[in-house]
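To start, the structure itself, in structure tokens.
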Amino acid sequence: MNCRSCQKRIIPFFSLGDMPSVNAFLKKEDLLREKKYDLTVAFCPSCYLAQLVHTVDPEELFAHYLYFSSVSESFLKHCEKTALHFKKKFGLDSDSLVLEIASNDGAQLQYFKKLGIKILGVDPAKNIAKIANQKGIETIADFFNYSFAKKIVEQRKIQADVIFGANVLAHVPEIIDFVKGVAKLLKKTGTASFEFPYIDGLMQNKFDTIYHEHVFYYSLIALQNIFKQADLEIYDLEFTPTQGKSLRVFICHKGKFPVTNAVRQLETAEKDLHYDKLETYNKIKKNAEHIKKKLIQLLTDLKAQEKTVAGYGAAAKGVILLNYFGINTNYLSFIADKSPAKQGLYAPGIHMLVETPEEINKKSPDYVLILAWNIADEVMKQFADYKKKGGKFIIPIPHLQII
């Protein structure tokens, strides 16, 4: 297998085996027809890009999607903060256009719209794009690539002041074509900004961010090599708290803006941490196995004590953790999720029925395993009454905790 960026040979360093698509929740009649795909991650020693060995057709993963951004209150607050931050940073006004790639149900764009800024969304999930349009967020149901960008520029005679994407840059197998599309659609003085789970999360036990939708696991030095191929460069960056810790990069046409010290410092830090060496990535599997051993032992002990445990948050990372660790009804009484789109369906792989959050208070399990650990504070606040009655929470990642 060759690198999707530089075409050099890549080296596998961690396999999670065959895994289902994390957002492909199932009806009962479809359980026996579920598909699974190899989930192995590899490293390119030439351009430093961590990536999946095998990919699933994006049409199969994203054409009908069950992740809705607006479900998470903490994410909505992040979106509002982002819109205000960008308006000030880039001097956006009523003449400015913000185009968001993978705009989902309009969670982010709605806040730019409230500020009087022109918006346009692009998302391949037809069911979600329909909902966004019904909310007044203009959204084109399509995959973003160079061909799409060229069509928009030629047919609409527009280019964007800001191109934004949250948790999309890691999802695109044809990454070079994608960034060339960004270059085509971005004004000469514009900025493209993408945020995504930072690679150091994998070094900090957050292995459950590995799933088929995430083709890539980015370091800054790997991403610099990608954008160079479209005559773009990363000129600034910042970290955000989303997904446990995300890197947000700011990209311009080469030479348009000075490169900040923040970029230079992170580039140096990554090389000091050997993010350009295979040996660093080989540690990820060992760390994941250590967490698995500790969590399984805890759940086994609780079961022996006749304690009940429910899982909460059937997010992508939770599906990966449950499947890789082999946790299903042998350890959990039930699982629940806030998203109505998942309730009443069976979770991929483990085939447990997803209940409503109300079942936590109704059934009062002794413990709740928070699978969406990145929003653990939001979840514990949501179940404050459960906690007052003596309920306890287990947070598995990045370090096992009982609260």
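The values are calculated or read from the model by the stated rules, or taken from the named source; none is laboratory data. Bear in mind that the values here come from a model prediction, so they are computed numbers and not experimental data. We place every Cβ from the backbone using ideal geometry, glycine too, and count neighbours over all the protein chains shown. Ligands, DNA and RNA are excluded from the accessible area calculation, which covers all protein heavy atoms including side chains. Shrake-Rupley method; radii C 1.70, N 1.55, O 1.52, S 1.80 Å.
Between region 295-354 and region 9-39, what's the alpha-carbon centroid distance in Å?
Result: 17 Å between the Cα centres.
Sort 333-345, 198-210 for me by packing, meaning the mean count of neighbouring Cβ atoms within 10 Å per residue, highest on top. Numbers along the way, then the final one.
Numbers: 333-345: 19.3, 198-210: 22.2.
My ranking of the peptides, most packed first, is 198-210, 333-345.
Would you report the distance distribution of C-alpha pairs in region 323-384 as whole percents per 5 angstrom bin, up to the bin with the largest distance?
Per 5 Å bin, starting at zero, the Cα-Cα P(r) for region 323-384 comes out as 4, 16, 27, 29, 20, 5, 0 percent.
Measure up K77/K135; K245/K285; K81/K363; K35/K317; K151/K254; K35/K113 against 29 Å on the Cα-Cα distance and list the ones that go over.
On the way: K77/K135 18 Å; K245/K285 20 Å; K81/K363 37 Å; K35/K317 18 Å; K151/K254 23 Å; K35/K113 40 Å.
Over 29 Å Cα-Cα: K81/K363; K35/K113.
Sort 181-189, 8-16 by the packing proxy (mean of other Cβ within 10 Å over each peptide's residues), most packed first. Before the final figure, lay out the partial values.
Values: 181-189: 19.4, 8-16: 16.4.
Order by mean packing, descending: 181-189, 8-16.
So how much slack lies between K228 and K303, counting 0.36 nm per residue of separation and subtracting their Cα-Cα distance, in nm?
Details: separation 75, 0.36 × 75 = 27.00 nm, distance 5.36 nm.
Full extension from K228 to K303 adds 21.6 nm.
Which of [x] 1.07; [y] 0.99; [z] 1.17 is the computed Cα Rg over 2.2 N^0.38 Å for the structure on display?
The value matching this structure is [y].
When every alpha-carbon pair in region 1-99 is counted, what percent end up more than 18 Å apart?
Details: 3326 of 4851 pairs.
The calculated P(r) of region 1-99 puts 69 percent of pairs beyond 18 Å.
What FRET efficiency comes out for E174 versus N127 if R0 is 35 angstrom and r is the Cβ-Cβ distance? Round to the nearest 0.05. Walk me through the intermediate numbers first.
Values: r = 23 Å, r/R0 = 0.67.
E between E174 and N127, to the nearest 0.05, is 0.90.
Ordering M1, M19 by accessible area with a probe of 1.4 Å, largest first, what comes out? List each step's numbers first, then the result.
Values: M1 75, M19 5 Å².
Heavy-atom accessible area, descending, gives M1, M19.
Tell me the net charge near Y275. Cut-off is 13 Å between Cβ atoms, Y275 excluded, with +1 for each Lys or Arg and -1 for each Asp or Glu. Write out the running numbers ahead of the final one.
Values: positive: K271, K277, K283; negative: D200, E267, E270, D272, D276, E279.
In short, -3.
In region 120-208, with Lys and Arg counted as +1 and Asp and Glu as -1 at Cβ, which of these residues, I163, I140, I152, has the Cα nearest the positive end of the dipole, that is, farthest along it?
Of the options given, the answer is I152.
Name the cysteines of the chain that stand alone by the Cβ rule: no other cysteine Cβ under 4.7 angstrom.
C79, C252
If you stretched the chain out fully between D385 and F239, how much longer would it get, using 0.36 nm times the residue separation minus the C-alpha to C-alpha distance? All intermediate terms of the calculation are to be shown ahead of the outcome.
Numbers: separation 146, 0.36 × 146 = 52.56 nm, distance 3.31 nm.
Separation in residues times 0.36 nm, less the Cα-Cα distance, equals 49.2 nm.
Over what distance in Å are the Cα centres of region 72-111 and region 259-289 separated?
For region 72-111 versus region 259-289, the Cα centre distance is 30 Å.
Report the FRET efficiency, 1/(1 + (r/R0)^6), for K36 and E59, where r is their Cβ-Cβ distance and R0 is 22 Å, rounded to 0.05.
Working: r = 18 Å, r/R0 = 0.81.
For K36 and E59, the calculated efficiency is 0.80.
Please work out the average accessible area per residue across the chain, using the 1.4 Å probe convention, and give it in Å².
On the way: 17330 Å² over 403 residues.
Value for the chain: 43 Å² per residue.
Using a 1.4 Å probe over the heavy atoms of the protein chains, calculate the carbon and sulfur portion of the accessible area of the chain as a whole percent.
Details: 8760 of 17330 Å².
Carbon with sulfur: 51 percent of the solvent-accessible area.
Which order do the peptides 53-61, 156-164 take when ranked by the mean count of other beta-carbon atoms within 10 Å per residue, highest first?
Numbers: 53-61: 14.8, 156-164: 19.0.
Final packing ranking: 156-164, 53-61.
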